[in-house]
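For reference, the structure discussed in these notes is given below.
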Amino acid sequence: MAIRSGDVLGPYTIERVLSKQGGMSQLLLAYETDRPQYKAAIKAHLTQSSNRLAYQDLLRHEVTILQELRHPGIVRVYPMRIDGKVVYTARAADRPDQPWYFAMEYLGADSLDKHLDRIVKKFPLVWSMELFYQLLTVIHFMHQSGYAHCDLKPHNILFRHPPNPSHTPDPVLVDFGSATSIAKGMDQLSF
């Protein structure tokens, strides 16, 4: 069952759908019900499969990594106060589908894939080099922290502000569902 505008998930009221249902989750723009000026992106589980515990584990895994990786180039996860407790993942028990969800920073300037053609054709090379440098800095930070993203692509690079050749780029990595510990990933390699 899809989540729609006006639905309530914990402390958040859904404003609109950011991404159509695809895969196992839906991305939604929401605001804190008691403080509408505070926006967040909500990632909610939508599958009706019997494997809900596996998705809950994946969601917690993603949130744990986001909590550990504090960097301006990595999306921030937000704590939620539910039933007097501070949590980072929650289940919407009052909905028939009872989806698991978490809240994170809302980045409203779209992803790199939506801006790529314009950047390549119209932006100065030095701006593109700065963008690439900033992304490498974030990836280096992740690797130094012991993690690999495992799904780097233009769709998973968002901006805090629309790209502008007169301003320094501000890319932010998102979608850490496939991220893994580098040590764990190395253990799984076989040569």
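Computed FRET efficiency, Cβ-Cβ of Ala109 and Arg60, R0 41 Å: what is it to the nearest 0.05?
0.90
Taking the Cβ-Cβ separation of Asn164 and Asp94 as r and a Förster radius of 30 Å, what is the calculated FRET efficiency to the nearest 0.05?
Values: r = 43 Å, r/R0 = 1.42.
Efficiency for this residue pair is about 0.10.
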Here the gain from full extension of Tyr133 to Thr33, 0.36 nm per residue of separation minus their alpha-carbon distance, amounts to 32.2 nm
Using alpha carbon centers only, region 118-138 is separated from region 62-110 by a whole-angstrom value of 29 Å
So for R0 = 22 Å, FRET eff. of Val126-Gln67 from the Cβ-Cβ r, to 0.05, ends up at 0.05
Given unit charges at Cβ for Lys, Arg (+) and Asp, Glu (-), the dipole magnitude of the chain about its Cα centre in debye, nearest 20, is 220 debye
Over the Cα atoms of the chain the radius of gyration and the largest Cα-Cα distance (Dmax), both in Å, equal 17.6, 55
Taking trypsin sites (Lys or Arg not before Pro) as exposed when in a DSSP loop with at most 13 other Cβ atoms inside 10 Å, the chain has its longest clean stretch at 71-191
Expressed in square angstrom to the nearest 10, the accessible area of Met24 with a 1.4 Å probe stands at 90 Å²
Mean projected area, convex hull of alpha-carbon positions in region 137-180, reported to one decimal in nm², is 3.4 nm²
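The values are calculated or read from the model by the stated rules, or taken from the named source; none is laboratory data. Computed from a prediction, not measured in an experiment: that's the story for all the values here. Note that we place each Cβ from the backbone using ideal geometry, even for glycine, and neighbour counts take in every protein chain shown. For the accessible areas, the whole protein counts, side chains as well, though only heavy atoms, and no ligand, DNA or RNA atoms are used. Shrake-Rupley method; radii C 1.70, N 1.55, O 1.52, S 1.80 Å.
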